[in-house]
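The structure under discussion appears below in the form of structure tokens.
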Amino acid sequence: MEFLELFHLEINGPMVTVALILVLLALLKWYSISAFSSLEKLGIRHPKPLPFIGNMTFFRQGFWESHMKLIKTYGPLCGYYLGRQMYIVVYDPHMIKEVLVKNFSNFTNRMMSGMETKPVADSILFLRNKRWEEVRSVLTPAFSPKRLDEVIPLISQACDLLLTHLKPYAESGEAFDIQRCYGCYTLDVIASVAFGFQVDSQKTPDDPFVKHCRRFFKVSIPRFVVILILSFPSIMIPLARVLPNKNRDEVNAFLSKVIGTVIALRDKQAEEQRRRDFLQILLDARSSPSSVSTELLDNVRQDAQDGELPTHQITSNVQQKALTTDEIVGQAFIFLIAGYETITNTLSFVTYLLATNSECQEKLLREVDQFSERNAELKFSTLEEELPYLEMVIAETLRMYPPAFRFSQEARQRQPPFTYLPFGAGPRSCIGAKMAILEIKLTLLGILRKFKFETCSETQIPLQLKSRSALGPQNGVYIKIVPR
Ligand code: HEM
């Protein structure tokens, strides 16, 4: 008080209000930049962050282009902030291997936004630590060659539908966007393999399953809410979790109910009546966890054999714990989250590259014809071993256009030999890689036996890209198909 009297000031209401506002503003100013010293402390170069939002404006062009710009400007080890969250970008193959393989035990978990809700939060993508390890070891056998052989008829069935839809375009010679057809086809495969029933998304776009899956990808948060969440995560994330989100809740409830119904039906069926799909493999693991207990994490084993992992990381046996029904539903969602856009976009990119590189397409057509003469029946092992050029076409496409590019960006600029890992690396890499390649091969084989791709005046060359959740063509892939 004496201090205030010195300046002939009296404490009154407005003055207290002004003082409180000033303190609040000072605190807000401090808060707005308080998260932005971590990268500097680590000596990691990064663009200058703006108060509250960090480097959000840097990513206006999309993630692909912006990451390239970032690496070019700040080097192979750089960083940025999205809101208050710090990100470190590692662009050097050796360093990537250190993080994902050699020192994997320090980097087991994938980042979570905190906004994930059930059943998506139960999918392996978001599981952490021990539970991730347990579920991964339950899922690994679901992608074994034997299991993949079992899903070949299901994928082929969906591919036959795709061919039926492509036929009118081949007959009319009309140009069309093949990415749309691939989108429907991929959804048909997901319905069949992961959700346990057949659907024709191209013919019946109003089918409730098709509509809800499309809504699943449209669930988006308004930009200003994203900014609020990134700027004030500790208040906004719990709030966003409890606030109702009609679209998200309806989609989750519908898809969970679909799987619940199929599970109930399967439980009533005799073993030999049950459809051999991914869902059934998960259900088998639920009722007899011991049947898969000897199969450990695939990549961990492989990396240990290659001498990449210290042995102590693999000697401890992963204890099997059966999946709960919630977790089974969560794993069925993997196909939607991890398999829909990646496969649709890879098929679109391969088609674009074949249509614009006729010599490669001719070479591939010869391989397809020879393969078909030799093999009446489609089996995983023959598809893997006897189509080396198709394998190369897919690998080169993924090198040029990696749809999920989290750990594969280095490939676009470096020349071979380099370690190229389109499906990630180490124990937490893509569990669906073999399934993805199988599906892509079966599809291309089916199409190229009957048709070939040609460019048309609508084909966008070079292809414009968009990169939001996955890298994909910006405006579809317009081509013509010609009967062979
Ligand atoms: C061309 C298609 C695909 C590409 C390019 C791709 C790529 C990737 C990449 C880069 C990762 C991250 C790996 C890491 O963190 O190191 C990943 C993870 C994953 N992918 Fe794929 N993927 C594809 C298709 C699929 C399919 C069809 C499925 C499901 C059947 C699938 C299931 C998963 C799962 C479950 C994970 C997380 C694994 C874990 O956390 O343990 N992916 N994928």
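The values are calculated or read from the model by the stated rules, or taken from the named source; none is laboratory data. Nothing here was measured: the structure is a model prediction, and the numbers come from that model. FYI the Cβ positions are ideal-geometry reconstructions off the backbone, even for glycines, and counts take in every protein chain you see. The protein model used for the area step is the full one, side chains on, heavy atoms only, and it has no ligands, DNA or RNA in it. Shrake-Rupley method; radii C 1.70, N 1.55, O 1.52, S 1.80 Å.
Using a 1.4 Å probe, what is the accessible area per residue for the chain, in Å²?
51
What number comes out for the charge environment of ASN109, summing +1 per Lys or Arg and -1 per Asp or Glu over other residues with Cβ under 10 Å away?
Overall, the nearby charge balance is +3.
Classify region 124-255 from the C-alpha gyration tensor, please: rounded if a/c falls under 1.5, else prolate or oblate depending on whether a/b exceeds b/c.
It is oblate, given that a/c is not under 1.5 and a/b is not larger than b/c.
Ignoring ligands, DNA and RNA, what percent of the accessible area of the chain is carbon or sulfur (1.4 Å)?
So the carbon and sulfur contribution to the accessible surface is 58 percent.
List, in order, the whole-Hz ³J(HN,Hα) value for each residue of region 42-53 obtained from phi through the Karplus relation with A = 6.51, B = -1.76, C = 1.60 and θ = phi - 60°; use x for Gly and Pro.
Whole-Hz 3J(HN,Hα) from phi for region 42-53: 7, x, 9, 6, 6, x, 5, x, 8, x, 6, 8.
Shape of region 424-484 from its Cα gyration tensor (a ≥ b ≥ c, root eigenvalues): rounded if a/c is under 1.5, otherwise prolate when a/b > b/c, or oblate?
Oblate shape, in that a/c is at least 1.5 and b/c is the bigger or equal ratio.
Rounded to the nearest 500 deg cm²/dmol, what is the calculated helix-only ellipticity per residue at 222 nm for the chain, with -39500 (n - 2.57) per DSSP H run of length n ≥ 4?
The helix contribution divided over the chain gives -17000 deg cm²/dmol.
With θ set to phi - 60°, apply the Karplus curve 6.51 cos²θ - 1.76 cosθ + 1.60 along region 115-126 and write out the HN-Hα couplings as whole Hz, x wherever there is a Gly or Pro.
Once rounded to whole Hz, the list reads 9, 5, 10, 5, x, 4, 5, 8, 6, 4, 4, 10.
Classify the chain as rounded, prolate or oblate from the Cα gyration tensor: take a ≥ b ≥ c as the square roots of its eigenvalues, call it rounded if a/c is under 1.5, otherwise prolate when a/b beats b/c and oblate if not.
Prolate.
Among PHE254, VAL226, LEU243, flag the residue with its Cα farthest along the positive direction of the charge dipole of region 220-281, charges on Cβ as +1 for Lys/Arg and -1 for Asp/Glu.
Going by the Cα projections, it comes out as VAL226.
How far is the Cα center of region 59-127 from the Cα center of region 172-217, in Å?
Answer, in whole Å: 31.
Give the separation of the Cα centroids, region 431-484 to region 319-384, in Å.
Centre-to-centre (Cα) distance: 12 Å.
Sum up the charges of everything whose Cβ sits under 15 Å from the Cβ of ASN245, counting Lys and Arg as +1 and Asp and Glu as -1, but leave ASN245 out.
+3
With only Lys, Arg, Asp and Glu charged, each at its Cβ (+1 for the first two, -1 for the last two), find how big the charge dipole of the chain is about the Cα centre; round to the nearest 20 debye.
Computed about the Cα centre, the dipole is about 720 debye.
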